[in-house]
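J.: Sharing a structure with you now.
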Amino acid sequence: MKKKIILALIAILIIAVLAYGTYYVNDYYHADENALKYINGTDNVEIIKINNGLFLDGPGNNTALIFYPGAKVEYTSYLPLLTEISEKNVDCFLVEMPFNLAILDISAADRIIDNYNYTHYYMSGHSLGGSIASQYVQDTGKSDGLILFAAYPTDEVSKPVLSIYGSEDKVLNMEKYNESKVFMKNLTEIIIKGGNHAQVGDYGIQSGDGVAKINALKQQEKSSNEVINFIQKSQ
């Protein structure tokens with residue numbers, strides 16, 4: 001009888017864990033209407049579905065950026081930002097992560113780099129996606145540089161780093177961010193005045209974030225310009 005009770009309790013625990021896990025992975029920020037306007041591309045950027053995300057094919061053909069989304073954010077939320085970058089001659093790969101968690105597929109960039117022939121690759125990501133991208137850069141050495149959006153590395157990064165975050169970002173842990181600067185030996189830091197955490201993408205208001213003083217379009221325009229400047233200087 002005691003054994004049956006123990007087995008029943010174990011079964012209940014397993015069901016509870018599975019139920020919570022299902023809730024957790026399905027509780028995420030969805031791309032808003034503005035982001036989805038870009039799903040069919042623009043006059044200058046073609047959107048092509050690939051096996052692990054989207055390829056934004058713009059007018060450039062020499063340099064590509066591979067982007068890891070933030071945790072629990074639908075990957076298409078970043079289409080406006082990456083379209084801005086692609087229109088400025090840097091093609092972009094927007095990676096769709098399992099359950100919207102980049103930590104579950106750290107090496108996703110391998111399947112892109114191994115199948116395309118760009119001269120230069122830059123790894124990038126937002127929030128946790130940026131931290132995972134930094135891990136990929138240091139583990140593989142396969143990129144020319146790292147571009148972080150409201151993110152920080154947890155280990156040394158020898159490649160040039162561009163760090164961009166908004167002045168009103170209340171999600172980014174600034175204490176840990178400042179501590180991480182010792183890991184970035186070649187750092188360019190840009191603070192977007194009036195920008196916040198969520199407006200890197202288009203997925204609405206993020207819990208705990210600050211109130212932006214500029215709109216998402218302006219924040220993304222400023223960010224894309226800084227990305228292009230960084231890439232041009234580092235090549």
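J.: Looking at (1) acidic (Asp, Glu); (2) touching a Phe, Trp or Tyr at 6+ places or on another chain (Cβ under 8 Å); (3) buried (at least 18 other Cβ atoms within 10 Å of the Cβ), which is the one condition that is false for residue 168?
T.: Unmet condition: (2).
J.: Right, here's the next one. Criterion first (of a type outside the set (D, E, K, R) and at pLDDT below 75) does residue 20 satisfy it?
T.: Judged against the criteria, residue 20 is a match.
J.: Another one. Assigned to a helix (DSSP H, G or I), touching a helix residue (DSSP H, G or I) at 6+ places or on another chain (Cβ under 7 Å), in the same structural domain as residue 124 (by TED's automatic domain parsing) and modelled with pLDDT of 95 or more: does that describe residue 220?
T.: Answer is yes for this residue.
J.: Within 25 Å of residue 38 (Cα to Cα) and either in a strand (DSSP E or B) or out of contact with any Ser or Thr (no Cβ under 7 Å at 6 or more places or on another chain) (or both): which single residue out of 177, 165 fits that description?
T.: Criteria check complete, one pass: 165.
J.: Right, something else. Would you be able to tell me the number of residues in the stretch 44-95 that are at positive phi and not small (Gly, Ala, Ser)?
T.: Selection size over the stretch 44-95: 2.
J.: Of all residues in the stretch 44-73, which are under 24 Å from residue 106 (Cα atoms), part of a loop (DSSP other than H, G, I, E, B) and of a type in the set (A, V, I, L, M)?
T.: The one that is under 24 Å from residue 106 (Cα atoms), part of a loop (DSSP other than H, G, I, E, B) and of a type in the set (A, V, I, L, M): 71.
J.: While we're looking at this one, here's another question. Of all residues in the stretch 187-235, which are crowded, with 21+ Cβ neighbours inside 10 Å, within 19 Å of residue 87 (Cβ to Cβ) and either free of Cβ contacts under 8 Å to residues at least 12 places away in the same chain or not hydrophobic (A, V, I, L, M, F, W, C) (or both)?
T.: 199, 201, 202, 219, 220, 223, 224
J.: Just the residues that are among the acidic types (Asp, Glu) and within 22 Å of residue 233 (Cα to Cα), please, taken from the stretch 129-164.
T.: 144, 156
J.: Continuing with the same structure: Quick one: count up the residues across the stretch 58-103 that are small (Gly, Ala, Ser) and touching a residue at least 40 places away in the same chain (Cβ under 8 Å).
T.: Total satisfying the criteria: 5.
J.: Sticking with this one: Across the stretch 156-168, what is the number of residues that are closer than 23 Å to residue 231 by Cβ and either over 18 Å from the mean Cα position of the chain (by Cα) or not hydrophobic (A, V, I, L, M, F, W, C) (or both)?
T.: Adding up the residues that qualify gives 7.
J.: Among (1) within 23 Å of residue 198 (Cα to Cα); (2) crowded, with 22+ Cβ neighbours inside 10 Å, there is one condition residue 109 misses while meeting the rest; what is its number?
T.: Against the list (1) within 23 Å of residue 198 (Cα to Cα); (2) crowded, with 22+ Cβ neighbours inside 10 Å, residue 109 comes up short only on (1).
The values are calculated or read from the model by the stated rules, or taken from the named source; none is laboratory data. Keep in mind that what you see is a predicted model, and the values were worked out from it rather than measured. All Cβ positions, even for glycine, are placed from backbone atoms using ideal geometry, and neighbour counts span all protein chains on display.
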